[in-house]
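The values are calculated or read from the model by the stated rules, or taken from the named source; none is laboratory data. This is a predicted model, so every value here is computed, not measured. With ideal geometry, Cβ positions are generated from the backbone for all residues, glycine too; neighbour counts draw on all protein chains shown. Calculation scope for accessible area: heavy atoms of the full protein, side chains included, ligands and nucleic acids excluded. Shrake-Rupley method; radii C 1.70, N 1.55, O 1.52, S 1.80 Å.
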Amino acid sequence: MSTPDRRPRRTFAVISHPDAGKSTLTEALALHARAIQEAGAVHGKSGRKGTVSDWMEMEQQRGISITSAALQFEYDGHVINLVDTPGHSDFSEDTYRVLSAVDSAVMLVDAARGMEPQTLKLFKVCALRGIPVITVINKWDRPGLDPLELMDLIEQQIGLRPTPITWPVGESGDFKGVLDRTTGEFVQYTRTAGGATIAPERRMGSDEALEVEGDLWAVAVDGDELLAADGADHDQEAFLAGRTTPVMFASALLNFGVAQLLERLLELAPAPHALETVEGTPREVDDDFSAFVFKVQSGMNAAHRDRLAYARVCSGTFERGMVVTHGPSGKPFATKYAQAVFGRELSSVETASPGDIIGLVNANALRVGDTVYVGDPVTYPPIATFAPEHFVTCTASDISKDKQFRKGVEQLDQEGVVQVLRSDLRGDRSPVLAAVGPMQFEVVQARMEAEFNCPVRLSPLGFALARRTDKDALDVLSTIRGVEVLERRDGSLLALFPDQWRATKTERDHPDITLEALAAG
Ligand code: G4P
């Protein structure tokens, strides 16, 4: 038996709008932890996989998932698991599910753009799950908004109180360093060529800072005092309870502020903790092994049919080769080929501890939300499905392939690639597919053809949002033009509306019928 790894864990994800600098920050974090020698090795330009076609090509070449992988590295005696959210054009339900596998999130905000739509959506998921959020204002080396104005914007949009931990010295575009609000010191940054290596930092007291930076330091001190007078100081309890968000200023590109972020992650972000099971009892982290699957990925290449299931270890120690029980079926599942995921490389994992992410190979029986365990059976609460915003009908291009069509749609529904909605009226040959992001449809199209030998035609529908409803509302809803009610696999009924206006009007006109917003919608 291998000895369990008892180093403390921090498992988090970076949430941001595309282009805020998530890949750059990921590289910078790994660089600081010396997991890689030079920034660029993990998500570097040459290997950057931002587009749908790249993603699929990658799948084909390797037959493995490159999305939602976790980057694991050691920093100051801790193991850090950075769970990657697919965040570019491939924004989808997967992005949300990843957040069920983390204990905290770093919300990356572009200093010039402030809060952007995807950041806000992802933030809402964190809020819903009670995941504490640390905010990083990125790109401070470029002209952007005033820091106090940014704090106001964030507070208005997310409703959490920003409590800056560092405050910038030099306005955006002239980043000299930060005032460390816990010690009052100046942390001066020095540029390195292209930001490819760790930027040297020098700490100094207030007097020296004033000598070195003059007015810029004085302005930062004023800001710090204003914040303190306003009660915007970090409070660990309020942060963990989701009432405040510590804020830090950085330039991921220049590696400024990255070391502080790592240090604060260790200091403030919660460690893996006991999870509540469906029975309402907690499974303590040092109980027997248990993990839940938050993502399942099939190889796109016909030669690699194996499914890879990403699971987060919740309790106990995982050891490669151990036979675990698959919760829903009660059947044993062998873990001979379990893998750890490091950037784009998969390597064999020997042991894993709570907070770690493992990739289970040959996972044909595993579905998103399933639990695997040893010892006492355990089931964790289901991962919520999210409010779809894109709807299409899906039909087999060749109607003689009905069998393959049904099988494929069923499987993709089960895997949660899209939500499949049905009604008697539409029949089984042309169900409605619903997605959070349109890329989910492209995956359906590619996989139906490659895996099920059944090319499909997708036709957009003019719906923009869904509300959960019930049977009692059917009569009323059937009289409203442009509204359609369909059934989801879990039996719930969704009313689809062409726009917000129509949904609001229906709610107003018929206050007695059930029309509930879906989670994070
Ligand atoms: P993403 O993963 O969140 O989509 O963002 P990514 O890291 O790819 O960064 C988006 C762009 O923003 C990149 O520029 C990147 O270099 C730049 N960037 C990231 N962090 C910072 C920062 O702290 N300061 C400045 N000034 N720029 C930053 P690009 O021109 O789109 O790509 P590239 O050609 O530089 O790779």
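What to note about this one:
- Looking across the stretch 195-229, the residues that are among the acidic types (Asp, Glu) and modelled with pLDDT of 95 or more come down to 207, 208, 211, 213, 215, 222, 224, 225.
- Of the residues contained in the stretch 154-162, one or more are found to be at pLDDT 90 or above, over 30 Å from residue 5 (Cα atoms), assigned to a strand (DSSP E or B) and in contact with a Ser or Thr (Cβ under 8 Å, 6 or more places away or on another chain).
- Residue 410 vs. criteria within 27 Å of the chain's Cα centre (by Cα), open to solvent by 20 Å² or more (accessible area, probe 1.4 Å) and free of Cβ contacts under 8 Å to residues at least 24 places away in the same chain: yes
- All helices (runs of 4 or more DSSP H) inside the stretch 207-301 with 1 or more residues being open to solvent by less than 40 Å² (accessible area, probe 1.4 Å), more than 24 Å from residue 4 (Cα to Cα) and within 16 Å of the ligand (Cβ to nearest atom): 258-268
- Selected residue [open to solvent by 40 Å² or more (accessible area, probe 1.4 Å), touching a residue at least 12 places away in the same chain (Cβ under 8 Å) and assigned by TED's automatic domain parsing to the domain that holds residue 240] from 130, 114: 130
- Taking the stretch 176-191 as the range and being within 21 Å of residue 265 (Cβ to Cβ) and surrounded by 21 or more Cβ atoms within 10 Å (Cβ to Cβ) as the test, the residues that pass are 177, 178, 179, 181, 187, 189.
- Unmet criterion (only one of (1) in the same structural domain as residue 488 (by TED's automatic domain parsing); (2) under 30 Å from residue 334 (Cβ atoms)) for residue 385: (1)
- Pick from the stretch 433-474, criterion open to solvent by 60 Å² or more (accessible area, probe 1.4 Å) and of a type in the set (S, T, N, Q), ranking: farthest from residue 386 (Cα to Cα): 453
- Neighbours by Cβ (under 7 Å, 6+ apart or cross-chain): first from the stretch 6-24, closer than 30 Å to residue 319 by Cα; second near the ligand (Cβ under 6 Å from one of its atoms) and not hydroxyl-bearing (Ser, Thr, Tyr): 14/22
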